[in-house]
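Just below is one structure, and these are the notes that go with it.
The values are calculated or read from the model by the stated rules, or taken from the named source; none is laboratory data. None of the values given here were measured: they were computed from a predicted structure. Virtual Cβ from ideal backbone geometry, glycine too; neighbours counted across all protein chains shown.
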Amino acid sequence: MSAPPPARPVVRRLDPVLVDRIAAGEVVERPASAVKELVENAIDAGAGTIEVTIAAGGRRLIRVVDDGAGMGPDDLALAVERHATSKLPDGDLARIDTLGFRGEALPSIGAVARLSITSRTAEAASGHAIVVDAGIRGPVRPAAAGRGTRVEVTDLFSATPARLKFLKADRTEAAAVAEILRRLAVAHPGIRFILGGEGVGGLTLPAEAPGAGSWLRRLVAVLGPEFGDNCAPLSLEREGFALDGHVGLPTFHRAAATHVHFVVNGRPVRDRLLLGAVRGAYADVMASDRHPVLALALTCDPAAVDVNVHPAKTEVRFRDPALVRGLIVSAIHEALRRAGGRSASTVAARTLDSLRPASLPFPDPASEAPSFAERPPGTMPAGPLPERREAPAPGFAEAAQARFDGDLALPSADLRPELADPEPAAAEHPLGAARAQLHETYIVAQTPDGIVIVDQHAAHERLVYERLKRERAAGGIARQGLLIPEVVELDPAEADRLVGAVGDLDALGLALEPFGHGAVLVREVPAALKGGSVRALIADVVDALAEGGADPLGRSLDAVLSRMSCHGSIRAGRRLRPEEMNALLREMEATPFSGQCNHGRPTYVELKRADIERLFGRR
């Protein structure tokens, strides 16, 4: 006996309320998504002030009040219908110049919560209100209201309780709301934003008057007061695209990309193409695990960018992505080049924190050697001087916290008389005049209003790197032939990788050839690297090739040069003459990006005289 045929499926239309709830899953993922949609509506309505209040992270209450154009009763009734909008008058999706355009936000929110809208136009004597409860629309009724619109969302996801399980803690959801509001505030500095309620601590961003400096003032309010002192402006136009913004110095960075802001035609976005361009621009001045602090505003013809590629409208697609990427990389490079070797002020702040007297360990008074004040002038402790300890040079913070342990060590600074004032005018330079060398690693220079401490190896590594890049751009890196070519033995796979890149390496000033199985013969090296270890140089180039993948040198010549430059730089532990130290300082002042080494670490720390005086209680 054969089995009965399966029942024929019947195609039917979904219930409109169910359709709205399904659509809400794309538009409203969490309370912050609802806040974004409502605030964008207020911005499109021309609001000058937008006030947001939340409770329980937005799950229990979201209230958005604006003083925009408002709506009449007929518009209010249509606003809660799906795909009803005032923002596409000609229906042209290729030229969208508003934040919202789909007409999905209000019906989607109303499908999963209780939505109340009260609005009044400037011409109307009174306002009107409508309520949508879990997709059920009520009538439009007269209501007392000021000009603008007031939207209240209560019991979010009450109509879809399964969604509540995916929400995080109220504090986390509140933080997401605050982040959304900050990003919108960065994009629209002329609007006053207020955020209040549970778990947000209060946020008020006053409207910035139009004119020079208005956007930077908003960025400082959002990104923190330190940003203003540690950023560089940029402005560049190319083929119909205009890019403006402020980018943080390479040594002013964060552990996450939360302080990277992109605005495209007034729309805050989180776009992978833009983020990739920024990372490429900072590639050789910042460590790979750190992120810059910046804000970029891109303006173009709306037809050149598609904003309708993501339900939440957080991503965009450009007609010419290569042009946009090149524009961003060029603009950031130029801004950082104009900033020169300036280092972030936060580097000095971290140094001062490590030097606070409260952080110093206090030795046992009973075990301390007599102080200098207790000895007759011009005398030293009896007995032979303690043998100088050779150890890796500690960081500046560790050196400040070192204790004497009952004996008097010889000074590790080079304080020879000829260092006293080798060049009287040198102290007037930005990095000052060299006064001493500590641990044969750190140069101490005196500036007009403080001191500068330079890591000689890190600084010279950057200088060699920039020199190699200039030579390559000018037509070829100067090279030095080895008197006796050197054979370097390698793993056979590594040797094959090197031999496969011979042509590209030759353009970098490194001439080599195969020399039997698992070895190469090096005949020439870049002139800037002469005198270094050829074997160590080859080992680093091999590592750079391995990291680059299938076509490393075609895409990342700078990365290989960065590895190579380490071998031509002044090593830690080398004692420098006064003229060498001052020459290094002058070259740093003339070289772009000299404020950080090739790995993104600062090359120098500047301490103002006032900061030093505070350390000693003089202020």
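Output yes when any residue across the stretch 274-296 is more than 18 Å from Gly600 (Cα to Cα), among the acidic types (Asp, Glu) and outside any helix (DSSP H, G or I), and no when none is.
no
Would you confirm whether or not the stretch 123-145 contains a residue that is under 17 Å from Thr53 (Cα atoms) and in contact with a strand residue (DSSP E or B) (Cβ under 9 Å, 6 or more places away or on another chain)?
No, the stretch 123-145 contains no residue that is under 17 Å from Thr53 (Cα atoms) and in contact with a strand residue (DSSP E or B) (Cβ under 9 Å, 6 or more places away or on another chain).
Considering each of Ala129, Ala84 in turn, give the residue that is aliphatic (A, V, I, L, M), part of a strand (DSSP E or B), farther than 23 Å from Glu173 by Cβ and more than 38 Å from the chain's Cα centre (by Cα).
Details: Ala84 fails: part of a strand (DSSP E or B).
One residue alone meets the criteria, Ala129.
Tell me yes or no: at least one residue of the stretch 148-170 is over 18 Å from Arg60 (Cβ atoms), part of a strand (DSSP E or B), in the same structural domain as Thr53 (by TED's automatic domain parsing) and of a type in the set (Val, Ile, Thr).
Scanning the stretch 148-170 turns up at least one residue that is over 18 Å from Arg60 (Cβ atoms), part of a strand (DSSP E or B), in the same structural domain as Thr53 (by TED's automatic domain parsing) and of a type in the set (Val, Ile, Thr).
Which residue pairs have Cβ atoms closer than 9 Å, lie 6 or more positions apart in sequence or on different chains, and pair a first residue in the stretch 601-619 that is over 30 Å from Tyr282 (Cα atoms) and among the aliphatic types (A, V, I, L, M) with a second residue that is modelled with pLDDT under 90 and in a helix (DSSP H, G or I)?
Ile612/Leu352; Leu615/Leu352; Leu615/Pro357
Scanning for something of a type in the set (Gly, Ala, Ser), on the phi < 0 side of the Ramachandran plot and modelled with pLDDT of 90 or more, does the stretch 85-105 turn up at least one residue?
There is no residue in the stretch 85-105 that is of a type in the set (Gly, Ala, Ser), on the phi < 0 side of the Ramachandran plot and modelled with pLDDT of 90 or more.
I'd like the residue in the stretch 323-338 that is surrounded by 21 or more Cβ atoms within 10 Å (Cβ to Cβ) and among the small types (Gly, Ala, Ser) and, out of all such residues, is farthest from Lys608 (Cα to Cα).
Checking each candidate, the answer is Ala331.
Can you tell me how many residues in the stretch 120-147 are of a type outside the set (A, V, I, L, M, F, W, C) and more than 29 Å from Pro16 (Cβ to Cβ)?
Of the stretch 120-147, the ones of a type outside the set (A, V, I, L, M, F, W, C) are 120-121, 123, 126-128, 133, 135, 137-139, 141-142, 146-147.
Going one step further and asking which of them are more than 29 Å from Pro16 (Cβ to Cβ), we end up with 123, 126, 146-147.
Number of matching residues: 4.
Give all pairs with beta carbons closer than 6 Å in which a residue from the stretch 56-73 that is touching a residue at least 24 places away in the same chain (Cβ under 8 Å) meets a residue that is part of a strand (DSSP E or B) and polar (S, T, N, Q); count only pairs at least 6 apart in sequence or on separate chains.
Leu61/Thr154; Arg63/Thr53; Asp66/Thr149; Asp67/Thr49; Gly70/Ser119; Gly70/Thr149; Met71/Ser119
Just to be sure before I move on: is Ala257 among the aliphatic types (A, V, I, L, M) and surrounded by fewer than 21 Cβ atoms within 10 Å (Cβ to Cβ) in the structure I sent?
Judged against the criteria, Ala257 is a match.
Quick check on my filter: what residues within the stretch 120-174 are buried (at least 18 other Cβ atoms within 10 Å of the Cβ) and at positive phi?
Scanning the stretch 120-174 gives Gly135, Gly148, Phe157.
Restricting attention to the stretch 443-477, which residues are modelled with pLDDT of 90 or more, small (Gly, Ala, Ser) and either under 20 Å from Arg337 (Cβ atoms) or not assigned by TED's automatic domain parsing to the domain that holds Arg523 (or both)?
Ala458, Ala459
With the structure loaded, tell me whether Arg183 is not small (Gly, Ala, Ser) and not assigned by TED's automatic domain parsing to the domain that holds Ala295 or whether it fails that test.
yes
How many residues does the stretch 305-322 hold that are touching an Asp or Glu at 6+ places or on another chain (Cβ under 7 Å) and surrounded by 16 or more Cβ atoms within 10 Å (Cβ to Cβ)? Break it down into steps so the answer makes sense when it comes.
Applying the first criterion (touching an Asp or Glu at 6+ places or on another chain (Cβ under 7 Å)) to the stretch 305-322 yields 309, 311, 315-317.
Now restrict to residues that are surrounded by 16 or more Cβ atoms within 10 Å (Cβ to Cβ): 311, 315-316.
Result for the stretch 305-322: 3.
So which strands (runs of 3 or more DSSP E) stay within the stretch 186-268 end to end and still have 2 or more residues that are farther than 26 Å from Arg337 by Cβ?
Fully inside the stretch 186-268 and qualifying: 192-197, 203-205.
Considering only residues that are closer than 16 Å to Pro292 by Cβ and touching a residue at least 60 places away in the same chain (Cβ under 8 Å), which ones fall in the stretch 214-230?
Selection gives Leu219, Leu223, Glu226, Phe227, Asp229, Asn230.
Taking the stretch 102-124 as the search range and keeping residues that are charged (D, E, K, R) and assigned to a loop (DSSP other than H, G, I, E, B), which one is nearest to Ala159 (Cα to Cα)?
My answer is Glu104.
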